[in-house]
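So the structure is just underneath, and the comments pick up after that.
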Amino acid sequence: MKSLMVTLFVVGMFLATPALADDVEDVKAAVHEFYVLLNSTDAADAEAYTQLYAARNTIFAAGGGLLGRTTSLEGRKESFERRIRGGLRNNYNQPRHSEVEVYGGMFAVETSYTTGSSTSPKGTILPHRNRATRIWMKQDGQWKIVHQHYSPMQPLQLGELER
């Protein structure tokens, strides 16, 4: 009986590994799409950008403050469109040292370092150098962002990142 249980466990591990590897690649593809869309200057991309999020999602932004909540994807979409039409431009690089861990095939934690900048309609450039964590949840076969947490990197950390 014990050997049967061990055999079933080992077989289960081998069968689960490809699925988890596929999930990791799917999350990485969603992360790539997130940054491509975040940099978009086309308001028509608002729908695709919005579809990366779960209907209810939260964020701790890099500037501090309380937990931000989104309870309406329509509101997120309108915010994206206003940003584009208002002239705000993002120039985020694809994340560095990105790692993805999938848990139970339903949740994933993505961690990375992000750099880039935003340019206001008046031309003011705001640099971004953050540590980023996103929690993704699989809904109807698609990975969706349910939480984001950003914290600014310190100058010493930036030097270490270059290594």
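Just so you know, all these numbers are worked out from the coordinates, no wet-lab data involved. The structure displayed is predicted, hence computed values, not measured ones. Cβ atoms come from the backbone with ideal geometry, glycine included; neighbour counts cover every protein chain shown.
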Potential lengthening between GLU101 and THR58 on full extension [0.36 nm per residue; Cα-Cα distance subtracted]: 13.5 nm
Per the Kirkwood treatment, what hydrodynamic radius in Å, one decimal, follows for the range 34-162 from the mean inverse distance over all distinct Cα pairs? 15.6 Å
Counting other beta carbons within 10 Å of each Cβ, put MET137, MET153 in order, fewest first. MET137, MET153
Near LYS28, which aspartates and glutamates are there with a Cα under 15 Å away, not counting those fewer than 8 places off in the same chain? GLU99, GLU101, GLU110
Order of LYS138, LYS122 under a 10 Å beta carbon neighbour criterion, fewest first: LYS122, LYS138
Calculate the length of the line joining the C-alpha centroid of the range 116-144 to that of the range 44-101, in whole Å. 6 Å
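Full extension from THR111 to SER79: what is 0.36 nm times the residue separation minus their Cα-Cα distance, to one decimal in nm?
On the way: separation 32, 0.36 × 32 = 11.52 nm, distance 2.50 nm.
Fully extending the segment from THR111 to SER79 adds 9.0 nm.
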